[in-house]
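Single-structure report; data block below.
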């Protein structure tokens, strides 16, 4: 290895001010550097500085060489005098090192990056937290690679042992980990080569990661790691995440970090067919499960007390259009102890051992794949989601097939008391039909001594009047569906409906309130599916205010999309064919999307 010490070498090119021992200080001077003589070191040459480097309005060019230093690095350029690099910058030594000035350039000159690093290497074998830091006092761009080296470049100065370096993107560690002032930007979109020798995401640990904010350039349908986390010694240190793109994105950058939790769950009640209800009492807990899922939805409740105290942020500020991806979060056992979550008993055949633990994106369970809350509204719950894709005792957890970036947080249930087999009421809907009347329909999973239902209506959601009575089914564990058609309605008025559930002993309770309205001739309206049930194809009548596109999606009862069809609508009345010949006998949810309006209907396919 060639080691060129700075004084002898740079006197050929620069005015040198050695105002600090073992330092290299470059100060620009008129005529000091000619245009023909700007390459300071190249062809693998090594410049080693046992101290700091400060480029103050000078022209410092690293052409395929290696610039090593044990102190701080600062760069204060002018329009003509800059730091240019197509080589390597290596930081190591016995003390904390800092980076100052302007190093966020994004252009190149003659193949060299201007005012940014090219290959950033860092090695610290020290266990002392302050001394293992490479601290960013400014935004820093790296054109090619960040390498947490596995071998010390200089055993005399760097010491020996495992590299324990941490790159911190602020002067100090802020109390809220999302408040880091700067970011480290890796502009190489290669998933494999852009960040090397960082600690494994699944291993967590307190070495070889970015404490603060890491931005990565992406452009391929591959997996990108974000080894980010807290200050070393805090919880698990690194609490990273991974993004796998389903389709290749255009050249974009993703900014990733972890911060104090801000987004709570929008609806904490979740329904899923977990197992078979033994029928001992209404709303039996999961601990009494008597077998496999029985076709009746059960519920669990996401407790505020065990919302994960932190959340992950992945922002694509320069994103255009839809980006499809999967995200996996890698919390450690200190940040996210799996013992906090309720484990479904083995008596729930097929779901035994799964944890009641979910991920939300912007407070929504399962992100853009969520089903509800407009579909599932139990009596005792204001609103709920449908989510069944629970997992066992595995630390990493994530979301699949997402198409928007923001905040991701983990939530769960810890107590058996926050579970129920089954939910009493599965849903209550109010739906305009052919823009002429309103259909009010509901479905129960169980009934205990139920005399019946008063259907009540209001135009202000305050004063309700009874418009119908429907006889109940007493005590039953078999699901039952009910409906009332309200023809005494006019267009342009919001109508609110609720159920008064009356027991045989005269006691009663109220359901949540739902609403619907008829529109004028320029509104969108859709009839019920007919025939329904059906053994062949069915139809719906649709009134469209203007020519447009209709998207029809077929979902199974757990919310999985089975197929999608597109139909051209003309202004006025349209008869749309609902193709079911390729579907198996089952119950389906059919979603109709027109412009920003989405309506859902239930369809039963029979053999």
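Points to keep in mind about this one:
- Scanning segment 455-479 for residues that are without any contact (Cβ under 8 Å) to a residue 60 or more places away in the chain and outside any strand (DSSP E or B) yields 459, 460, 461, 462, 463, 464, 478.
- Just one of the listed residues (126, 109, 103) is in contact with a helix residue (DSSP H, G or I) (Cβ under 8 Å, 6 or more places away or on another chain) and over 16 Å from residue 240 (Cβ atoms), and it is 126.
- So residue 197, is it more than 30 Å from residue 284 (Cβ to Cβ) and under 20 Å from the mean Cα position of the chain (by Cα): no
- Candidate set: segment 475-503, residues that are at pLDDT below 85 and closer than 25 Å to residue 280 by Cα; chosen: the one surrounded by the fewest Cβ atoms within 10 Å (Cβ to Cβ): 478
- Residue that is nearest to residue 209 (Cα to Cα), among those in segment 268-284 that are surrounded by fewer than 19 Cβ atoms within 10 Å (Cβ to Cβ) and either touching a strand residue (DSSP E or B) at 6+ places or on another chain (Cβ under 8 Å) or at pLDDT 90 or above (or both): 283
- Among residues of segment 141-178 being part of a helix (DSSP H, G or I) and in contact (Cβ under 8 Å) with a residue 40 or more places away in the chain, the one that is farthest from residue 94 (Cα to Cα) is 178.
- Residue-level analysis places residue 225 among those that are in contact with a strand residue (DSSP E or B) (Cβ under 6 Å, 6 or more places away or on another chain), buried (at least 16 other Cβ atoms within 10 Å of the Cβ) and either under 30 Å from residue 140 (Cβ atoms) or assigned by TED's automatic domain parsing to the domain that holds residue 384 (or both).
- Test: residue in segment 577-597 that is surrounded by fewer than 18 Cβ atoms within 10 Å (Cβ to Cβ), over 28 Å from the mean Cα position of the chain (by Cα) and closer than 24 Å to residue 516 by Cα: no
- Only residues that are within 20 Å of residue 385 (Cα to Cα) and in a loop (DSSP other than H, G, I, E, B) were counted across segment 426-449, and they come to 2.
- Of all the residues in segment 228-251, those that are more than 24 Å from residue 122 (Cβ to Cβ) and surrounded by 19 or more Cβ atoms within 10 Å (Cβ to Cβ) number 2.
To keep it simple, each residue is scored yes or no on (1) at pLDDT below 90; (2) in a strand (DSSP E or B).
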{"site": "31", "(1), (2)": "yes, no"}
{"site": "36", "(1), (2)": "yes, no"}
{"site": "39", "(1), (2)": "yes, no"}
{"site": "48", "(1), (2)": "yes, yes"}
{"site": "95", "(1), (2)": "no, no"}
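- The number of residues in segment 332-353 being free of Cβ contacts under 8 Å to residues at least 40 places away in the same chain and within 19 Å of residue 274 (Cβ to Cβ) comes to 2.
- Only strands (runs of 3 or more DSSP E) whose full extent lies in segment 515-607 are considered here, and the ones with at least 1 residues that are under 21 Å from residue 438 (Cα atoms) and modelled with pLDDT of 85 or more are 538-544, 572-578, 586-594, 597-605.
- Residues that are on the phi < 0 side of the Ramachandran plot and out of contact with any helix residue (DSSP H, G or I) (no Cβ under 9 Å at 6 or more places or on another chain), drawn from segment 282-298: 282, 284, 288, 289, 290, 292, 293, 294, 296, 297
- Subset of segment 201-217 [in a strand (DSSP E or B) and either within 12 Å of residue 236 (Cβ to Cβ) or more than 17 Å from the chain's Cα centre (by Cα) (or both)]: 205, 209, 210, 211, 217
- Selection status of residue 145, surrounded by fewer than 21 Cβ atoms within 10 Å (Cβ to Cβ), more than 18 Å from residue 199 (Cβ to Cβ) and modelled with pLDDT of 90 or more: no
- Being in the same structural domain as residue 46 (by TED's automatic domain parsing) and at pLDDT 90 or above is a condition met by at least one residue of segment 106-115.
- Among the residues of segment 57-76, the one identified as crowded, with 22+ Cβ neighbours inside 10 Å, more than 16 Å from residue 47 (Cα to Cα) and modelled with pLDDT of 90 or more is 75.
The values are calculated or read from the model by the stated rules, or taken from the named source; none is laboratory data. In this text, all values refer to a predicted model and were calculated from it rather than measured experimentally. Because the Cβ atoms are built from the backbone with ideal geometry, glycine has one as well, and the counts that use them run over all protein chains shown.
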